[in-house]
Structure formats: C-alpha cells, structure tokens
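*Asks:* A single structure is presented below for examination.
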Amino acid sequence: MSTNQAELVRVCQELGVPFSVLEKSDAQAFIQSAIGKFMPAKTSGHLSIGGDAVALPLEEHEFTYSENLPNSPVIVFFDQENHNRGMALRLSDGRVLGRVMGKSFGMEYFVTDPNLSFLLAVNWYAIEGTGVVEQWMTALDNVEET
C-alpha cells in the first residue's frame, strides 16, 4: 500500500468513513481510463489538468470543495511516477473527501467518479476540474470574485 493510500485508509478508519482499496490491477486499469479520457497535463509532480479546466485557489477551498460533489462514490488516485503509482481508494460518498483530507497529511491527488464524468486535480496551489464539476466550480469562483 502506498504512503498516501495508507494515510487515507488510516483517516477513513478513524473517522468511520466507508471506503475500499482497489486491487492494484483494477486501480491501474481505472487510472489509465481516467488519464486517457481527460488527458491531464501533469500526472506526476505538480498534478494538473491544464487546458480549459476550471481552477479554484486551494487555500480557500481545500477542505470544502468536496461538499459540492454528489452523494455517490469517488475514486482518489495519486502521482503516477512514484511509489503511489497505480494505487486508488474508493470513498462511498465524495462529499466527505474534504473531511478526510483535513485529517491527513498534505498530498496532491486526482478525484473522479466510477463513471468518469469528471476529473479533479488537487495540487499545492489549486483545485482544477473538468467535466460535470465545471458548473459548480465556476459558480464558486464567481462567488469569490464578488
């Protein structure tokens, strides 16, 4: 189990958040599908979707953005060129991801749903999103501009 994945497992257990660890082969196949569909600019180092992705400042939204996700499962995966490569964790309710991350050490990660209807990249500076998340992310960005 990777360092990031082990940390999320620990926090989920501590908080009583339902989760499952994807088998490595399943995780690798799912991650490749997500990367193939959304073509993020950086899958290692400073994770980024790039292109026309909507971006929110991390500092203001790090632990609250996930409240806008639907009450459905999300898959979290990590840097694809280090010891976290090919590792993924499934949370049963994406809305709790901010609480989980708030209790864990800092990390960069990607988030999507099992249907690959969106991709989020969370790095040290921004939360970037594409797909069905763009609407609520744009609304959040417009609120902070007023």
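No lab work stands behind these numbers, since they all come straight from the coordinates. Everything numeric in this text was worked out from a predicted model, so none of it was measured. FYI the Cβ positions are ideal-geometry reconstructions off the backbone, even for glycines, and counts take in every protein chain you see.
*Asks:* Hey, can you tell me all the residues within segment 25-64 that are of a type in the set (Val, Ile, Thr) and more than 22 Å from His83 (Cβ to Cβ)? Lay out the reasoning, then the answer.
*Replies:* Within segment 25-64, the first condition is being of a type in the set (Val, Ile, Thr), and the residues that meet it are 31, 35, 43, 49, 54, 64.
If the condition is that a residue be of a type in the set (Val, Ile, Thr) and more than 22 Å from His83 (Cβ to Cβ), then Ile49, Val54, Thr64 are the ones that fit.
*Asks:* Okay, next question. Picking from Leu47, Leu69, which residue would you name as being surrounded by 16 or more Cβ atoms within 10 Å (Cβ to Cβ) and in contact with a strand residue (DSSP E or B) (Cβ under 6 Å, 6 or more places away or on another chain)?
*Replies:* Values: Leu69 fails: in contact with a strand residue (DSSP E or B) (Cβ under 6 Å, 6 or more places away or on another chain).
Unique residue meeting the criteria: Leu47.
*Asks:* Just to verify a result, which residue in segment 2-23, among those that are under 15 Å from Phe77 (Cβ atoms) and charged (D, E, K, R), is surrounded by the most Cβ atoms within 10 Å (Cβ to Cβ)?
*Replies:* Filtering segment 2-23 for residues that are under 15 Å from Phe77 (Cβ atoms) and charged (D, E, K, R), the one surrounded by the most Cβ atoms within 10 Å (Cβ to Cβ) comes out as Glu7.
*Asks:* Here's something else I'd like to know. Anything in segment 80-113 that is part of a loop (DSSP other than H, G, I, E, B), over 18 Å from Glu62 (Cβ atoms) and within 12 Å of the chain's Cα centre (by Cα)? List them, or say none.
*Replies:* Asp113
*Asks:* Right, here's the next one. Picking from Val132, Val111, Val100, which residue would you name as being aliphatic (A, V, I, L, M), without any contact (Cβ under 8 Å) to a residue 60 or more places away in the chain and farther than 20 Å from Thr43 by Cα? It would help to see each step written out before you state the result.
*Replies:* On the way: Val111 fails: farther than 20 Å from Thr43 by Cα; Val100 fails: without any contact (Cβ under 8 Å) to a residue 60 or more places away in the chain.
Among Val132, Val111, Val100, only Val132 is aliphatic (A, V, I, L, M), without any contact (Cβ under 8 Å) to a residue 60 or more places away in the chain and farther than 20 Å from Thr43 by Cα.
*Asks:* Val143 passes all but one of (1) in contact with a helix residue (DSSP H, G or I) (Cβ under 6 Å, 6 or more places away or on another chain); (2) exposed (fewer than 14 other Cβ atoms within 10 Å of the Cβ); (3) of a type in the set (A, V, I, L, M, F, W, C); which number fails?
*Replies:* With respect to (1) in contact with a helix residue (DSSP H, G or I) (Cβ under 6 Å, 6 or more places away or on another chain); (2) exposed (fewer than 14 other Cβ atoms within 10 Å of the Cβ); (3) of a type in the set (A, V, I, L, M, F, W, C), Val143 is out only on (1).
*Asks:* Mind counting the residues in segment 114-144 that are part of a helix (DSSP H, G or I) and under 13 Å from the mean Cα position of the chain (by Cα)?
*Replies:* Number satisfying all stated conditions: 0.
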